[in-house]
Structure formats: C-alpha cells, structure tokens
Amino acid sequence: MSVLIIHPQDPSTDFLNPIYATIQDKTVITGGATRVELVNLILSHDRVMMLGHSTSEGLLNMGQFPDSSLYVIDRWMAPFLSKKEENVFVWCNADQYVNKHKLKGFFSGMFVSESGELFSCSLFGVSLMQIDGSNKLFSAIVAKYINEPSSANLYTKVVHDYSVLVKTNPVAQYNLERLYFSE
C-alpha cells in the first residue's frame, strides 16, 4: 500500500513522526508542495495520512506550503480525499472536517497534545508528564498498527491498546473518547 503523509513541519508535532516511521512505501511531505502537486499525490497513493495542528476547517499550513492559504488541507482538498477509503486524520477537530465532507477513515476529534489545550478542554491538575506520556504512547500504538490495510482494523487496535493508559492518565481518557472511524 502506498501512503502519502502530509505533516507540515512544526517541532511541536514531532512526537507524531514515529507513527509513519515503519511504513515502507511512503511519500512524506512536510512543506514546499503546491496545491496541484498535493492533489496529484493524493490521487496517486492508496492511503493519505494527515497530521499536525488544525481547526475544524482543516490542517494548518504552518507557513510550509507556498501557494496554500491558512490551510494545506481544506474544503478545496475534500473532493480528492473523498476518493480514498483509508484516510488517516490526526489533528484537532478532524471529526468536524471528516463529517462535514463525508470522508472515510480513522480520525480524531479534539486531541490534547500540549498544555495550552488543557483549560479549553476542562482538564485540570494535569502534568506535562501525563501529556507527554499520552503523546508518546498514542504515537507508538498507531505506529505499531499503521501498516494495517484497513482503517477499521487500525482504529479498533489503537483504541484497544491506548485504553490501557486511561486508568492513570486523564489526557489519554479525553483523547480516547475522541477517536473515530468512518466507512
């Protein structure tokens, strides 16, 4: 399975890098591609993974893509992503984007990955160690199963393994409740 990874360069999301480290047939785009190049890459790969910072409107550009506006993945890209069955969206509020555009795959809702997000998610008394622990375990688990040919299997296995941390980590509990799959 050929996999396109769109992960705008940003040190605050480097904890996601291990997710795609073991994928053999991959193209990693961290910046520099034009919208037309991205469309062609989306259409020529079996699975598209998108990771990073975002809003409900899409994956933020982070200043890495020259002809994109605020977003590198936005409503303009949705028709091309809709041609794919096995998408992976790991960004805050990807659920709103996926549901709005009726896309398929494994995706997250609001995902707490840094301390600035705690207050808006009503998570209090959480340590940086708990955030880091959640981030590292989530990435390791997704990496363990990322080569699953089905996003449904990926979702099921990630949820099962990540739930182990829920008992001791409120960040993991919050994030786990916001992992989804759509077919």
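So is residue 100 crowded, with 16+ Cβ neighbours inside 10 Å, under 17 Å from residue 182 (Cα atoms) and under 17 Å from the mean Cα position of the chain (by Cα) or not? Against the criterion (crowded, with 16+ Cβ neighbours inside 10 Å, under 17 Å from residue 182 (Cα atoms) and under 17 Å from the mean Cα position of the chain (by Cα)), residue 100 does not qualify. Is it the case, given these coordinates, that residue 163 is buried (at least 20 other Cβ atoms within 10 Å of the Cβ) and either modelled with pLDDT of 95 or more or in a helix (DSSP H, G or I) (or both)? No.
Hey, could you check the stretch 110-140 for residues that are modelled with pLDDT of 95 or more and either more than 13 Å from the chain's Cα centre (by Cα) or outside any helix (DSSP H, G or I) (or both) and say which is nearest to residue 1 (Cα to Cα)? Steps first, answer last, please.
Step one: filter the stretch 110-140 for residues modelled with pLDDT of 95 or more, giving 136-140.
If we keep only those that are either more than 13 Å from the chain's Cα centre (by Cα) or outside any helix (DSSP H, G or I) (or both) as well, we get 136-137, 140.
On the way: 136: 25, 137: 25, 140: 20 Å.
So the residue we want is 140.
For the stretch 43-83, a residue qualifies if it is over 25 Å from residue 178 (Cβ atoms) and surrounded by 18 or more Cβ atoms within 10 Å (Cβ to Cβ), and the qualifying residues are 45, 64, 65, 68. Of all the numbered requirements in (1) modelled with pLDDT of 95 or more; (2) under 21 Å from residue 93 (Cα atoms), residue 34 misses one, and that requirement is (2).
The values are calculated or read from the model by the stated rules, or taken from the named source; none is laboratory data. Quantities reported herein were computed from a predicted structural model and do not represent experimental measurements. Ideal geometry is used to build each Cβ from the backbone, glycine not excepted, and the neighbour counts take in all protein chains shown.
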